[in-house]
1. Please give the number of the condition Ala57 fails out of (1) loosely packed, with under 15 Cβ neighbours inside 10 Å; (2) modelled with pLDDT under 90; (3) part of a helix (DSSP H, G or I).
2. One residue is enough: does the stretch 153-176 have a residue meeting the conditions open to solvent by 50 Å² or more (accessible area, probe 1.4 Å) and β-branched (Val, Ile, Thr)?
3. Within the stretch 95-131, track down each residue that is small (Gly, Ala, Ser) and open to solvent by less than 90 Å² (accessible area, probe 1.4 Å).
4. If only one of Leu165, Leu105, Leu172, Leu146 is modelled with pLDDT of 95 or more, assigned to a helix (DSSP H, G or I), touching a helix residue (DSSP H, G or I) at 6+ places or on another chain (Cβ under 7 Å) and under 30 Å from Glu87 (Cβ atoms), which one is it?
5. Checking the condition open to solvent by 40 Å² or more (accessible area, probe 1.4 Å) and modelled with pLDDT under 95, which residue from Tyr92, Tyr76 passes?
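The values are calculated or read from the model by the stated rules, or taken from the named source; none is laboratory data. Please read these numbers as outputs of a predicted model, since none were measured by experiment. Backbone-built Cβ (ideal geometry, glycine too); neighbour counts: all protein chains shown. The accessibility values were calculated without ligands, DNA or RNA, using every heavy atom of the protein model including side chains. Shrake-Rupley method; radii C 1.70, N 1.55, O 1.52, S 1.80 Å.
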Amino acid sequence: MQPRNDLHHAAGGGPAHPAGRDRALAEAAADPGYDDPWYDALASHWGEATAPGTPEAAPSARPDGEPAPRCAADVYLEVQRSTAFREVRGRYRGFVVPAVTGFFLWYVAYVLTATTAPGLMARPVAGAVNVAMVAGLGQFLTTFLLTWAYARHARLRRDKAALDLRWDTQELTRGLRGGTS
């Protein structure tokens, strides 16, 4: 986060007006920040131990008998460790890794063939259309096909589960803030 160097200028005071600087600092300290669960998780020192002397909130029990998370960071860590999250990530990787590998190999094969076998690439297919043109257009076709396949895979295999995870995460963080949205 960047320091707020403009505080004393925004309040109308400068180095010659310490009262204006103090007023601007007080206004900046009163700024509540963003009302966003992702911001709250980052702002709550995610993954860091609590400072000595900081009171810890007593976790209440959830209906399933497990203790409720104490802060937004705990909610996100709990979701990340869940089976549903691992399943969504596994489905994502199960499609993306082979697709990217296949497309990259196809692209490298095209480039290597174009540089090492110009005679093959210059071979006519139909009229003025040669192998290089067909393979180059195949690169575009493969890109569109891969985009379609990715969107279809996401829609059929991941979107509902990811939306359910998002909803559960928002419900858990809403419970931490006392039921406000």
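1. With respect to (1) loosely packed, with under 15 Cβ neighbours inside 10 Å; (2) modelled with pLDDT under 90; (3) part of a helix (DSSP H, G or I), Ala57 is out only on (3).
2. Scanning the stretch 153-176 turns up no residue that is open to solvent by 50 Å² or more (accessible area, probe 1.4 Å) and β-branched (Val, Ile, Thr).
3. Ala99, Gly102, Ala109, Ala114, Ala117, Gly119, Ala122, Ala126, Gly127 - these are the residues of the stretch 95-131 that are small (Gly, Ala, Ser) and open to solvent by less than 90 Å² (accessible area, probe 1.4 Å).
4. Of the residues listed, the single one that is modelled with pLDDT of 95 or more, assigned to a helix (DSSP H, G or I), touching a helix residue (DSSP H, G or I) at 6+ places or on another chain (Cβ under 7 Å) and under 30 Å from Glu87 (Cβ atoms) is Leu146.
5. Exactly one residue qualifies, and that residue is Tyr92.
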